[in-house]
Structure formats: structure tokens, C-alpha cells
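K.L.:
Sharing a structure below in C-alpha cells format, with a few things to ask.
The values are calculated or read from the model by the stated rules, or taken from the named source; none is laboratory data. The shown structure was predicted, so the numbers you read here are calculated from the model rather than taken from an experiment. Reconstructed Cβ throughout: ideal geometry from the backbone, glycine too, with neighbour counts over all protein chains shown.
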Amino acid sequence: ITLPSFHGKDNVETYLDWEMKVEQLFSCHGISEEKKVSLATLSFQGYVMYWWTSLEKERRLHHDPPIQYWNELHSALRRRHIPPYYDCELMDKLQRLKQGSSSVEEYRQQMELLMMRAGIREEERTTISRFQSGLNLEIRDKVELLPYRDLNELVQDGIKCFKCPGRGHIVSQCPTKKTMILRSQDHYSSLEEATSSSSTSSSEDEAIDLDEDFLPCSGDLLIVRRLLNNQTSDIDQSQRDNLFHTRCKVLENTCSLIVDSGSSYNFCM
């Protein structure tokens, strides 16, 4: 049997995961109590290996009996790696837990993991109320109007898309951007499918047109002589955003085109 290594990092969740995995392996392989301590301490690496060696020496100096059983080692490890305020910290995290950017299923797993680590056992209706209060508003308003028997049904309603018949996502994450048409006998078809055959030829023509490169007009710039006699006037600052200036072709000649949305005339020079 090979146990996962444990380095004793300052992370309570890392220790709890290691402890649970070790106990699963002990149970699966039927390891006797006399061998559990030896196997567990062989998986110690880095800091925790030195901590265990120091603990054994200290117990010998004080004439304390050596740790021979897993429950004794289990208690010593928990005293070292789990702070006394950990349970209160878990409760605080659970009370503050919100869905946020997580999916409905991810939010549920976070809530249940905190409850299991804190050892919380409560009625399902209390858990459902806790779960609902942390859902995002757009989802909570919808699922509160739907019938459900337990937390599993509530979660499934929470991840049901109200835009398409699919499940596993909400409207804002809906991968189906097509317009759905409800036909007789609960048959669905998309607007894209209904118009695909009629728009195939036009789409190909548009694709050809889009591939064509349009170069800017070039050549001699022509100016209408009559405009040279216009008197200068004060510039109206309010019209600066209403002027559009470009160039165009008129009788194979390049002209400067000014479009003024605030004037009664548009000029081509």
C-alpha cells in the first residue's frame, strides 16, 4: 500500500484531504491498528517529518508512552494542523457564501463541502432555504416560483435555461443564440433552419462582395468656382460633430464631398 505524501503545509484543507484519503486506504486494504501509525508516518515529507521525529524524542524525554495507534496520531495531527478557531471560520464562510460568478452546481458543492467539514446536520428545508438565499437574484426569482420536492430538484431548476429547452446552463450562458419557433405537437425549429435554404445563394453572393477590396479614390481634386466667392463666417461649434467629409467619383473625376446635417445644402467640390 502506498499512501499519499504529506508535507505539513499551512493549509487546513490539504491536511483534511490527506487524512480522509489515508483512512479510505486503511479501510480498503484492511490495515491493522498496529501498522497504521508506521504506514502513515512513512508518508511524512519535509516539515512534518521533522515534526514527527521531534515529537517522538520529546515523549521519550518525558517518559510518555509512544504513539502506537492511529487515533492517537490522528489527534496529535489535528492539534498541530487545525487551529481552534477553524470551526468558527467555517461557519462564517458558510453564512457569507454566495453564488457570485460560480455556476449553480459549483455553488452547491461549495456549500455542501463547508457543511460536511463543519459537521452540520440540519433538516433539508433549512438547507434549501440556505441554498436559495445565496443564489444570484436572476435565478432566485425564477426558482422560487417553481415547484420542487428536494434540493436536487431545486438545483436542476436553477440550472435550467429559460431561453431554450436545455438544462445545465442559465440564460446568460446559453450557447444557443438561435431564435426558437414553437410548432405543433411540441416540435421546435430554429429561425436559422427555416431560412437557411432561401438565403444560401444570397449569402454566397454577399461573401463574394465582402472579399472585394475597395481602394480610396485618387486623382485631381476639383473645386467648384462659385464656392470660392463665399464670405467667411464665424464657425458654429455646435455643427462640428454634424459634418461628414469624404471623397467620391463624379464623371470619372475625384471630388471632395461635405455632408452637413445642419444645413439645407450638401456640397460636392
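Yes or no, residue by residue, for (1) within 13 Å of LEU154 (Cβ to Cβ); (2) assigned to a loop (DSSP other than H, G, I, E, B); (3) in contact with a helix residue (DSSP H, G or I) (Cβ under 9 Å, 6 or more places away or on another chain); (4) modelled with pLDDT of 90 or more:
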site: LYS98; (1), (2), (3), (4): no, yes, yes, yes
site: SER101; (1), (2), (3), (4): no, yes, no, yes
site: TYR107; (1), (2), (3), (4): yes, no, yes, yes
site: MET111; (1), (2), (3), (4): yes, no, yes, yes
site: LEU114; (1), (2), (3), (4): no, no, yes, yes
site: ARG117; (1), (2), (3), (4): no, no, yes, yes
site: THR127; (1), (2), (3), (4): yes, no, yes, yes
site: ARG130; (1), (2), (3), (4): yes, no, yes, yes
site: GLU138; (1), (2), (3), (4): no, no, yes, no
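K.L.:
Another question, if that's okay. Of the residues in region 94-111, how many are surrounded by fewer than 15 Cβ atoms within 10 Å (Cβ to Cβ) and either touching a Ser or Thr at 6+ places or on another chain (Cβ under 6 Å) or under 27 Å from HIS7 (Cα atoms) (or both)?
P.N.:
Here the count works out to 1.
K.L.:
Being assigned by TED's automatic domain parsing to the domain that holds VAL155, closer than 23 Å to ASP87 by Cα and in a helix (DSSP H, G or I) is the requirement here; does ARG121 meet it?
P.N.:
no
K.L.:
While we're on this one: Could you look through region 112-131, keep only residues that are farther than 18 Å from LEU90 by Cα and free of Cβ contacts under 8 Å to residues at least 24 places away in the same chain, and pick out the one that is farthest from the chain's Cα centre (by Cα)?
P.N.:
Among residues in region 112-131 that are farther than 18 Å from LEU90 by Cα and free of Cβ contacts under 8 Å to residues at least 24 places away in the same chain, the one farthest from the chain's Cα centre (by Cα) is GLU123.
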